[in-house]
Amino acid sequence: MLLLLIVLATLGGILVGALPGLNATNGVALLLPFTITMEPIAAIAVLTTIYCAATFAGAITAILINTPGTSASATTCLDGYPLAQRGEAGRALGMAAVSSTIGGIISVLCLMAAAPLLAGAAYKFAPPEYFALTVFGLSMLASIGEESSIKSIMSGAFGVLLATVGIDLLTTVERFTFGMNELTEGIGFVPVMIGVFGIAELLTQAGQLGIVRERITLRAIQLPSKADYQKTWKAILRSSGIGTFIGILPAEGATIASMIGYNEAKRWSKTPEEFGKGSIEGIAGSEAANNSATGGAMVPTLALGIPGSPTAAVILAGLMVHGLRPGPTMFTEQSTFVFAIFWSMLLVNVLFFFVGLYGARIFARATLIPLTILWPMVFLFSMVGAYALDQSMIDVWIALIFGVIGYLMKRYGFSVVSLAIGLILGGMLEKRLGQSMVMLDEQWWLIATRPLSLFFLVLTVLALAGPFLLRKIKSIKS
Amino acid sequence: MANQSNSIKSGSANVSRWVIPGLIILFCAIAFNLTTQFDRVPEILKRGIQPSDFPQLILLLLIGLACLLPFENTQHNRPAVPPSVFISLALMVVFVLLTHLDFFIALGCFSGMLSFSWGERRLGALLLVTLFFPTFVFFLFDLVFEVRFPRGLLTNLWYG
């Protein structure tokens, strides 16, 4: 049964990734309510499968219509589309499938090795260390915003503020409930995710109705030639390492990994002049990196409860909805569950290789679904999904309100991903701060006197100052 | 004409430069005021921090960051919001009103109207999003996921 679900989720994930406007994050958010009635193991296996498959499938639209199905495939457009224009779409898609599979498998093997180690180390963490670690996780939001680090941090802080809505479980004091019983348990993760990732995207798409996409016909997919492998194997391995490492960093996901993977492939290439004009190495570098980031991102998500990427944040919300709290104890108390995630991720990487190779022609047709049909359907799924979780209309209103808020945030350069991560980490941040204050006799500054906490706080300062310093260095250089 | 276009653009830049931080600070000030009305718990029960302390800390952080926003060098002239976005928003209001009749009537009507307003004119496509897809989703969630939808004109026919 689980195997069948994983196969179906792989097909669903590839479809989601191939549809322009939908990506792994909003795909997982929209499909999260479908998993509510499933067993937790099946539910999380389905969500992680969609995550991996959708990340891969972004390459299909990137190569065929020059529109990345997911932002992580933006760099794949640079060389994939020129190759497709030259009549080599099949070769480009073949390389995308091979490099994605290799990158994905390497990262899952790293996940299998690193997550238990990290969880073991995290056993030594007391509340002050967890507090400092969560602050570090939130500080990484500074680098994920498209427009401004300050706006990204503000979005995260807004998410943390939203997490305070409801009854404070330690003191039973109501906060920001406005006398509404429905808000006493707080603002649900799922309706907010559906709002900011689903409804907000619908409104964004409403503003892009006039865009005409040129679509290249795909005749046949072909496996890369021996010469292609000889040319790209180093780039694939390098990008797999880069992607896994970037994925492990809190909040940094496949998009940043693919950019760095692509740039490094170009830097080390013997033919850098071909990049941007249809280089097979460019596709390998980008796709291996973005798929390997998926496994990497699950390391801090499972071991520490800190999301490693935007989609991992939604999966984390899914874990919480199913009553699971990721962290070191999960590896000892629910090891079967953890290994189910590992194996389903490994399996999906093999599955999408075959589905990607032999089904790309069919999935490429998904790009022909008109926006006028796709997005009303997405809205319908969003509203029913928001309602289905607790069978409460308040969740439908929350999804709609956060859809509008998310649209406005995106329009003015605020990151909805930061908001989602802030909302998820907010509860943990406050709880750990409270516990630290009790432990340290209300002398909060003592948090910085503990070596591990200090280490995370120093990393926090570096993460916050990093973007500003880089901008300064760039301006001095130029 | 060019001057007019430039003034519209600079108006848009001013919105993101001053008005947005202003609105954020106003929101935070109101929220901060609300936090001062939270119940306080006795020292022995407070477990480290009072219920209002953490939200206040976050609100102060937000106010501080909002004050920095106007001085950031990332001001953009954003294009005007297209009419299709306003139409979609208006349709969402219609959706909310129609949910009082029936959740699925509201969903079907919204889907059809959204599709039509985005330019869809094929009857088959409109029927698909208005009628067939909502019906499929209703039965999928009702029969497979055992979700009971709110009662209304249509759902009463099924629930009896």
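Quick note: the coordinates plus some simple rules give every number you see, no bench work behind them. Only a predicted model underlies this, so the values are computations on that prediction, with no experimental measurement involved. Heads up, the Cβs are rebuilt from the backbone with ideal geometry, glycines too, and the neighbour counts pull from every protein chain shown.
Worth a mention:
- Pairwise FRET efficiency - A:MET180 versus B:ILE44, Cβ, R0 = 22 Å, nearest 0.05: 0.15
- Least to most buried among A:VAL299, A:VAL196 (fewest other Cβ within 10 Å first): A:VAL299, A:VAL196
- Estimated vicinal HN-Hα couplings, Hz - the range A:225-235 in sequence order (Karplus 6.51, -1.76, 1.60; Gly, Pro = x): 7, 4, 5, 5, 4, 4, 7, 10, 4, 5, 5
- Principal-axis analysis of the Cα atoms of chain A puts helix A:416-439 at an angle of about 30° to the longest axis.
- Net lengthening on full extension, A:GLN391/A:ILE167 (0.36 nm per residue, minus Cα-Cα): 78.6 nm
- If you take the Cα centroid of the range A:317-349 and the Cα centroid of the range A:5-22, the two points sit 21 Å apart.
- Sequence-distant residues sharing a close amide H with A:ILE167 (under 5 Å, placed H): A:ARG175, A:GLU185, A:GLY186
- Charge context of A:TYR407, other residues only, Cβ under 14 angstrom, K/R +1, D/E -1: +2
- Each residue of the range A:3-12 is assigned a 3J(HN,Hα), and the resulting list reads 4, 4, 4, 5, 4, 5, 5, 5, 4, x Hz, derived from the Karplus form 6.51 cos²θ - 1.76 cosθ + 1.60 (θ = phi - 60°), x at Gly and Pro.
- Database remark: amide H of A:SER309 closer than 5 angstrom to the amide H of A:ALA251 (H placed geometrically; neighbours at sequence offset of 5 or more, or on other chains; Pro and chain starts carry no H).
- Neighbour net charge for A:VAL458 - beta-carbon separation under 14 angstrom, K R +1, D E -1: 0
- Three-way shape label, chain B, alpha-carbon gyration tensor, a/c 1.5: oblate
- Sum of side-chain charges, B:ILE58 neighbourhood, beta-carbon under 12 Å (Lys, Arg +1; Asp, Glu -1): -1
- Distance violations [Cα-Cα > 18 Å] among A:LYS226/A:LYS266; A:LYS234/A:LYS270; A:LYS231/A:LYS277; A:LYS266/A:LYS477: A:LYS226/A:LYS266; A:LYS266/A:LYS477
- Going by neighbour counts of Cβ atoms within 10 Å, the residues B:CYS67, A:CYS110, A:CYS52 line up, fewest first, as B:CYS67, A:CYS110, A:CYS52.
- Degrees between helix B:103-117 axis and first principal axis of chain B (Cα, 0 to 90, nearest 10): 80 degrees
- Here the residues A:TYR81, A:TYR229, ranked from fewest to most Cβ neighbours within 10 Å of their Cβ, fall in the order A:TYR229, A:TYR81.
- 3J(HN,Hα) along the range A:442-449: 6, 9, 4, 5, 5, 4, 6, 8 Hz, from the Karplus curve 6.51 cos²θ - 1.76 cosθ + 1.60 with θ = phi - 60°, whole Hz, x for Gly and Pro.
- Candidate lysines for bridging to A:LYS124, where Cα separation is under 19 Å - those fewer than 8 sequence places away on the same chain excluded: A:LYS431
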